[in-house]
Amino acid sequence: MRARPISPHLTIYRMSRYSLLSSITNRITGVILSVGLLVLIYWLMAVAGGNRPYLQAHTVLSSGFFKIIYAGLLAAFCYHLVAGIRHLVWDTGRGLERAQSKRSAAIVLAATIVLAAALGYWLFLAAGRAS
Amino acid sequence: MKSLRSPLGQVAGLGSAKNGVHHWWLQRLTSVALVPLTVWFTISLLSLPSLDHVTVVAWMAQSWTALLLILLVLVATWHSQLGVRVVVEDYVHTTGLRTLTLVILTFVHAFLAVAGVFAILKVAFGGAA
């Protein structure tokens, strides 16, 4: 049988295209957030485990290594949230023209940076949560 | 009425299985739900005065917190399962390896969903004090 069509062919497109770059970034951040689910469930299980297991988990989760993970998850979350909303707008049939899509890609990037900076400030500086 | 599908396509079982839009629709439905849920979770977690056990348990034991957290865990694991499924289907081209990866990912997501809901319920019903 002839090979059925597969997608997406990452290697045959020019990566400078905004839409492709933002599309693959949305996938990558989605996968990162899937891994982040492990951290969330580990934390929830630790809370349910009682005081002592929670203290042990808290020590692990406040290590420097995990601070880097939180920074990555935070950035991934912000991008995936904003880019996801862009996808939902597309699903209504709006904003699909090339110029509009280029502009919304720029808006997504700007909104991600602003949101990540705000949440990062709150998490790491104002609340001191990661300590 | 004569079928529009080619004889070979019919025999090989190619073409519509009448559920093409199902996955797409669930992906959208879960993403719409996750917008308020994740925003709520981030803001409430960051608003807690501290992350020590007593504070977190007191927060998690509130009915609304527990309810929204359960929804978050279920919808997030569902959305994640739908998402990684497409990624695996797109990039893993060896049939056996692809099936195995999908099976493992489905089991992991089911485990995460059940573990998360179990943990929240245990705290909500006072089992973690």
- Message: Just the residues that are farther than 17 Å from residue A:59 by Cα and at the interface with chain A (Cβ under 8 Å from one of its Cβ atoms), please, taken from the stretch B:49-63.
- Response: B:57, B:60
- Item | Sole exception among (1) within 23 Å of residue A:24 (Cβ to Cβ); (2) assigned to a helix (DSSP H, G or I); (3) not acidic (Asp, Glu) for residue A:56, by number | (1)
- Determine which member of the set B:107, B:118 is over 30 Å from residue A:121 (Cβ atoms) and within 11 Å of another protein chain (Cβ to nearest Cβ). B:118
- Those residues that are among the aliphatic types (A, V, I, L, M), closer than 26 Å to residue B:51 by Cβ and more than 18 Å from the chain's Cα centre (by Cα), I need them from the stretch A:72-131; list them, please. A:125, A:126, A:127, A:130
- Item | Hey, residue B:37 hydrophobic (A, V, I, L, M, F, W, C), surrounded by 14 or more Cβ atoms within 10 Å (Cβ to Cβ), free of Cβ contacts under 8 Å to residues at least 60 places away in the same chain and not in a loop (DSSP other than H, G, I, E, B) or not | yes
- The residue that is nearest to residue B:79 (Cα to Cα), considering only those in the stretch B:43-66 that are crowded, with 18+ Cβ neighbours inside 10 Å and of a type in the set (Val, Ile, Thr), is B:65
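Might you check whether a residue that is farther than 25 Å from residue B:29 by Cβ and either away from chain A (no Cβ under 11 Å) or of a type in the set (Ser, Thr, Tyr) (or both) occurs anywhere in the stretch B:72-95?
Yes, the stretch B:72-95 has at least one match.
Matching residues to (1) surrounded by 15 or more Cβ atoms within 10 Å (Cβ to Cβ); (2) within 19 Å of the chain's Cα centre (by Cα); (3) not aliphatic (A, V, I, L, M):
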{"site": "B:92", "(1), (2), (3)": "yes, no, no"}
{"site": "B:96", "(1), (2), (3)": "no, no, yes"}
{"site": "B:103", "(1), (2), (3)": "no, yes, no"}
{"site": "B:106", "(1), (2), (3)": "no, yes, yes"}
{"site": "B:110", "(1), (2), (3)": "no, yes, no"}
{"site": "B:114", "(1), (2), (3)": "no, yes, no"}
{"site": "B:122", "(1), (2), (3)": "yes, no, yes"}
{"site": "B:126", "(1), (2), (3)": "no, no, yes"}
- Just a yes or no: is a residue in the stretch A:68-87 over 21 Å from residue B:37 (Cα atoms), buried (at least 16 other Cβ atoms within 10 Å of the Cβ) and of a type outside the set (Val, Ile, Thr)? no
- Message: Tell me whether the stretch A:18-26 contains one or more residues that are more than 10 Å from every other protein chain (Cβ to nearest Cβ), under 19 Å from residue B:88 (Cα atoms) and modelled with pLDDT of 95 or more.
- Response: no
- Item | Criterion violated by residue A:106 - all others in (1) crowded, with 17+ Cβ neighbours inside 10 Å; (2) more than 10 Å from every other protein chain (Cβ to nearest Cβ); (3) of a type in the set (Gly, Ala, Ser) satisfied | (1)
- Task: Scan the stretch B:67-87 residue by residue and report those that are over 30 Å from residue B:57 (Cβ atoms) and crowded, with 17+ Cβ neighbours inside 10 Å.
- Result: B:82, B:83, B:84, B:85
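The values are calculated or read from the model by the stated rules, or taken from the named source; none is laboratory data. If you're wondering where the values come from, they're calculated on a predicted model, not measured in any experiment. Cβ atoms come from the backbone with ideal geometry, glycine included; neighbour counts cover every protein chain shown.
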